[in-house]
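Since every read-out is calculated from the coordinates, none of them should be taken as a lab result. Everything quoted here is computed from the prediction, not taken from an experiment. Heads up, the Cβs are rebuilt from the backbone with ideal geometry, glycines too, and the neighbour counts pull from every protein chain shown.
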Amino acid sequence: MRRLSGVEPQVAADAGYTDAPPRMGFFTDTSICIGCKACEVACKEWNAVPDDGYELLGMSFDNTGMLGANSWRHVAFIEQSKPVGCQDAGLAGLPTGAPASERVGQQVADVMAQVDPGALGTDTGAQKVEEAAEALPPVPDEGDPRRDLRWLMSSDVCKHCTHAGCLDVCPTGALFRTEFGTVVVQEDVCNGCGYCVPACPYGVIDKRPDDGRVWKCTLCYDRISDGLQPACAKACPTESIQYGPLDELRERARGRVDQLVEAGVTQARLYGDSPDDGVGGAGAFFLLLDEPEVYGFPPDPVVPTRDLVSMWKHAGAAAGLFLGLGIAAFTGRRR
Amino acid sequence: MSPRRGEELMVPRATFSSYYGRPVVKKPVWKELDIAGYLFTGGIAAGSALLAGGAELTGRRHLRRVTRLSSMAALGVSGAALVHDLGRPERFYNMLRVFKPTSPMSVGSWLLSAFAVPTALGFVDEVPGLVPPPLRGLVRRTSPLASVGGAVLGSGVATYTAVLLSDTAVPSWNAAYPELPFVFAGSALSGAAGLALVLAPRAEAGPARRLAFLGAALELSASQRIEHRLGLVGEPYKRHPSGRKMKLAKAMTLSGVVASTLLSRRSRTAAVVSGAALFAASALTRFAIFEAGVTSTQDPAYTVVPQRERAEQRDRG
């Protein structure tokens with residue numbers, strides 16, 4: 001049987017392909033993302049992804065919220081009172097008040113906790129916090145004036161995991177591994193059982209309520225099969241989204257981290273690049289400037305199937321006990 | 001960016017970062033009535049099949065009859081709920097398109113299909129009017145085999161659903177994987193035994209009474225272990241609406257099993273009341289566990305904090 005976790009250098013071969021092309025993927029360098037959302041638009045255009053509601057979420061410049069059935073790229077936006085490397089934010093001498101980003105973030109989180117969070121999982125646009133946020137008191141202007149400022153922007157996407165939870169648990173074979181090592185849903189097979197949705201440790205794949213089936217990034221299977229770049233990478237004006245053979249991307253990414261650290265951006269780190277992590281390495285990995293959870297990523301994701309053998313052993317023991325107790329109940333003394 | 005704290009907490013929660021308090025993993029899209037309902041009815045079908053097998057081998061004809069009928073009815077409701085939950089119900093047959101050992105749902109689909117064969121055989125054996133006369137003899141002769149086969153396959157049906165839930169990134173289901181099959185096995189036994197106590201005549205209800213006791217003991221001890229072992233991700237089993245439901249389920253199981261053990265031998269009324277309590281408690285347990293998992297996906301703390309701790313422990317070496 002194929003490996004359920006750990007290092008797996010031949011992803012496509014492991015799935016049964018012979019003479020597979022090199023594994024392809026994304027390297028998203030968030031240090032040069034400008035938050036323009038061209039990737040989100042290009043993805044929607046090319047893949048004919050329906051709109052997810054024209055909602056203002058009231059939390060930041062991000063009005064997409066999170067990845068979902070109708071959002072295959074999602075640009076996160078975070079404002080922090082932290083410096084970027086040695087850059088001067090140019091705030092000295094300006095009449096700045098106290099930094100508000102932490103508090104605003106806290107307020108949004110508090111509102112998020114009050115409104116039904118259930119709407120989040122199925123419809124990324126359905127979470128409207130703006131009305132509740134309007135009712136909040138204004139942020140008081142107190143404390144030390146702001147000295148530092150940075151904006152973090154990051155375009156999130158399906159990770160096309162080496163060990164993909166969605167693919168492992170799909171009962172119909174609708175989800176499959178392509179020759180490029182990516183993970184794609186066949187919409188003519190999916191029967192909408194929804195098992196893949198909670199099986200993804202990153203919360204990527206989701207069901208379209210009106211359609212009944214699940215949808216996610218295909219890494220533009222149609223385009224890359226014809227030797228083109230995925231639409232998002234093609235549209236990215238700063239080359240924050242880079243597409244290519246995964247080996248090359250990993251090497252390039254390591255060089256970029258070294259370059260940034262040398263330039264004083266010591267927080268630069270890679271996320272999802274390591275083949276020995278909980279998902280065997282992601283096919284789409286990231287260069288981040290803060291902890292992964294700040295961007296909405298799980299800090300240490302593990303494919304649930306990693307423990308599947310142990311799960312079945314426990315279930316087997318329980319099944320044995322089920323029968324044993326039945327025998328005991330019938331052979332016990334007659335009362 | 002925004003640390004968030006819950007109301008009053010049992011486990012002290014470290015300050016943690018999240019993206020505007022948004023969940024990291026997706027909430028299961030399964031409809032609660034369908035899927036929690038299936039966990040319950042599938043368990044009842046399996047537990048009833050076990051009782052039917054025992055009744056067959058020990059010559060308890062009344063007990064065999066009611067448990068076979070219960071098993072068939074519960075299986076019918078199970079199948080309907082499972083198909084109803086699909087986004088594309090007309091494609092339900094795709095469940096048997098492949099056999100995938102990595103997918104508990106695929107394994108379960110095959111298991112449930114196999115389980116349907118002895119269950120249906122046992123059912124038509126009890127209702128011979130449904131069978132063309134020339135085949136009745138055959139059904140009668142295969143009856144013992146169907147009963148034993150139903151019990152054996154039922155042991156899988158009662159427990160695989162725990163793997164189904166645990167093999168996800170849902171924090172409170174995934175972390176509970178060592179105990180969940182035992183909770184489900186116990187809940188299936190006590191629920192089905194409860195139903196048999198309601199339906200079977202007192203003279204043949206002895207095994208059901210004993211099974212109710214054994215099943216409830218298994219279920220309660222396994223769920224006790226979940227609550228003690230899990231720490232932060234065990235919270236939804238103890239707190240929130242899901243935790244309150246869990247507490248109520250345990251109280252009902254406990255009172256049902258005490259009443260059935262002490263009183264149901266002497267009084268038919270006590271047997272019916274305590275059996276009904278066990279039956280309802282089994283349903284409540286499944287809904288509580290389902291809701292606990294859903295709750296754990298909604299607060300990013302349940303995803304981020306344990307993973308952060310794990311990562312830091314590894315970094316420290």
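Odds and ends about this structure:
- Separation of segment A:153-177 from segment A:69-92 is 27 Å, based on Cα centroids.
- Amide H within-cut-off set for residue A:200, under 5 Å, with H built and near neighbours excluded: B:169
- DSSP beta bridge pairing in chain A, given as percent antiparallel to the nearest 5: 85 percent
- Note that segment B:129-138 has calculated 3J(HN,Hα) couplings of x, 7, 9, x, x, x, 8, 4, x, 4 Hz, one per residue in order, obtained from phi through the Karplus relation 6.51 cos²θ - 1.76 cosθ + 1.60 (θ = phi - 60°); glycine and proline are x.
- Close Lys pairs in chain A (alpha-carbon distance under 29 Å; sequence gap of 8 or more, or different chains): 22.
- Put in line by how crowded their Cβ is, counting other Cβ atoms within 10 Å and starting with the fewest, B:56, A:251, A:179 read A:251, A:179, B:56.
- Listed by chain and number, the lysines whose C-alpha is less than 19 Å from the C-alpha of residue B:238, apart from same-chain residues fewer than 8 away, are B:247, B:250.
- Ranking of A:61, A:330 by count of other Cβ atoms within 10 Å, fewest first: A:61, A:330
- Distance histogram in 10 Å bins (all Cα pairs of chain A, percent per bin): 5, 22, 30, 22, 11, 5, 2, 1, 0, 0
- Tail beyond 35 Å, pair distance distribution of the protein assembly as shown (Cα, percent): 45 percent
- For B:235, A:79, order by how many other beta-carbon atoms lie within 10 Å, fewest first: A:79, B:235
- From phi via Karplus (6.51, -1.76, 1.60), per-residue ³J(HN,Hα) for segment B:294-309 in Hz, x at Gly/Pro: 4, 4, 5, 8, 8, 10, x, 4, 5, 8, 6, 4, x, 5, 4, 4
- Based on C-alpha pairs under 8 angstrom that are at least 6 apart in sequence, chain A has a relative contact order of 27 percent.
- Calculated P(r) tail over 15 Å for segment B:93-184, as whole % of Cα pairs: 66 percent
- Taking a ≥ b ≥ c as the square roots of the eigenvalues of the alpha carbon gyration tensor, segment B:183-264 is prolate, as a/c is not under 1.5 and a/b beats b/c.
- Residue A:186 long-range amide H proximity, modeled H, under 5 Å: A:175, A:176
- Euclidean distance of C-alpha centroids, segment A:271-335 and segment B:187-215, integer Å: 33 Å
- Square roots of five times the Cα gyration tensor eigenvalues for chain B, Å: 39, 23, 14
- Applying a 4.7 Å cutoff between beta carbons, the unpaired cysteines of the protein assembly as shown are A:33, A:36, A:43, A:86, A:161, A:170, A:190, A:193, A:200, A:220, A:236.
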